[in-house]
Structure formats: structure tokens, C-alpha cells
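This report refers to the structure that appears directly beneath it.
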Amino acid sequence: MERTLVIIKPDGVQRGLIGPIITRLERRGLKIITMKMIQMDYDLAKRHYAIHEGKPFYEKLLEYITSAPVVVMVVEGKEAIEVVRRTMGATNPMEAAPGTIRADYSLEIGRNLVHGSDGAETAAFEIPLFFNEDEILSYSRDTDRWIFE
């Protein structure tokens, strides 16, 4: 099973969309193996978004992600990274497919509600930024046999 990081960004928290976003991920069959609400500080935001350093939107992104609490979680499942990315929809909500989180709940790139790791290497880098290994749970669900062959 693959693991990926998901962040419900400040706009998702402030708009009361934590539940609907989590519900969509769980309904796809993904399993939450750890989760917490945090106020991301500037140093953590810089490490998380280091790949964007030097880009025109970088400072505004750091200001935004540290402006209010976020919910961070690790989800697990078969091809979890791709499943999360398809469930979120395109980065630009105006280009996201109907039925995705971003298409249904957002209008602008800068307020697109949710982050998901874009690949296995990224997930391996991002998850330890937010969670120690002992915070990540391993458990079975009775429903897994109805989700996975």
C-alpha cells in the first residue's frame, strides 16, 4: 500500500470543509493512518514549499499557508498518490474535472483547498516534515476486503 501526505489548507479549514474533504478521500477507499490540526510556522512552510523558492508566488504562498490552521494527514491505499490527486482535481480549479474537490468547492489556484504529494519521492520527503514514524498507525479495516481485491 502506498502512502501520501494530504493537507487541508487554510481556506478549507476556514470554510468548514474539513469533513467533506475527508469524506471524499475515505469514500474512495483511502485509509487515514494519522491526522492532526496544526498552525504551520514559517520555517516549516519554507521546508515544505522549498521546491517553489524563487518563483513569483513563493512569498505569497508562505504567507497564506501560515495564515490559519491546516489539517495534515497521511492516507494509505492502493496507488494512493494518484487516487488523491484525481480526487483533488487539477491545481487550477477552473480546469478541474467536475466532481473533484477543487472543481466543486473552489475557484482560484491560490485558494484551491487541498495539497497532495505529487509523487512517491515527494511523499517520502513531505510526510516526515509533519509526522514522526511513531505517529503513523498501522491497522486493518474490515471493509478493506470490499475495497481491494
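The values are calculated or read from the model by the stated rules, or taken from the named source; none is laboratory data. Predicted model only: the values in this text are computed from it and were never measured. Because the Cβ atoms are built from the backbone with ideal geometry, glycine has one as well, and the counts that use them run over all protein chains shown.
Condition check ((1) of a type in the set (Asp, Glu); (2) more than 19 Å from THR122 (Cβ to Cβ)) across all residues:
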position: GLU2; (1), (2): yes, no
position: VAL6; (1), (2): no, no
position: GLY12; (1), (2): no, yes
position: ARG24; (1), (2): no, yes
position: LEU44; (1), (2): no, no
position: GLU53; (1), (2): yes, no
position: VAL72; (1), (2): no, no
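Return only the number of the condition from (1) at pLDDT below 95; (2) touching a Pro at 6+ places or on another chain (Cβ under 8 Å) that TYR105 does not satisfy. Among (1) at pLDDT below 95; (2) touching a Pro at 6+ places or on another chain (Cβ under 8 Å), TYR105 violates only (1).
Taken together, the residues in the range 107-149 that are among the hydrophobic types (A, V, I, L, M, F, W, C) and part of a helix (DSSP H, G or I) amount to 10.
Elements of the type helices (runs of 4 or more DSSP H) sitting completely within the range 21-103 and holding at least 1 residues that are touching a residue at least 40 places away in the same chain (Cβ under 8 Å), in contact with a strand residue (DSSP E or B) (Cβ under 7 Å, 6 or more places away or on another chain) and surrounded by fewer than 20 Cβ atoms within 10 Å (Cβ to Cβ): these cover 80-88.
Here is a yes/no grid of residues against (1) among the aliphatic types (A, V, I, L, M); (2) in contact with a Cys (Cβ under 7 Å, 6 or more places away or on another chain); (3) within 27 Å of GLU63 (Cβ to Cβ); (4) modelled with pLDDT under 95:
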{"position": "ILE109", "(1), (2), (3), (4)": "yes, no, yes, yes"}
{"position": "LEU113", "(1), (2), (3), (4)": "yes, no, yes, no"}
{"position": "ALA123", "(1), (2), (3), (4)": "yes, no, yes, no"}
{"position": "ASN132", "(1), (2), (3), (4)": "no, no, no, no"}
{"position": "GLU135", "(1), (2), (3), (4)": "no, no, no, no"}
{"position": "TYR139", "(1), (2), (3), (4)": "no, no, no, yes"}
{"position": "ASP142", "(1), (2), (3), (4)": "no, no, no, yes"}
{"position": "PHE148", "(1), (2), (3), (4)": "no, no, no, yes"}
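Taking the criterion of being among the β-branched types (Val, Ile, Thr) and assigned to a helix (DSSP H, G or I), the residues of the range 1-20 that qualify are VAL13, ILE18.
Of all residues in the range 112-140, none that is more than 23 Å from TYR42 (Cα to Cα) and without any contact (Cβ under 8 Å) to a residue 24 or more places away in the chain has its Cβ atom under 6 Å from the Cβ atom of a residue that is among the aliphatic types (A, V, I, L, M) and outside any helix (DSSP H, G or I), 6 or more apart or on another chain.
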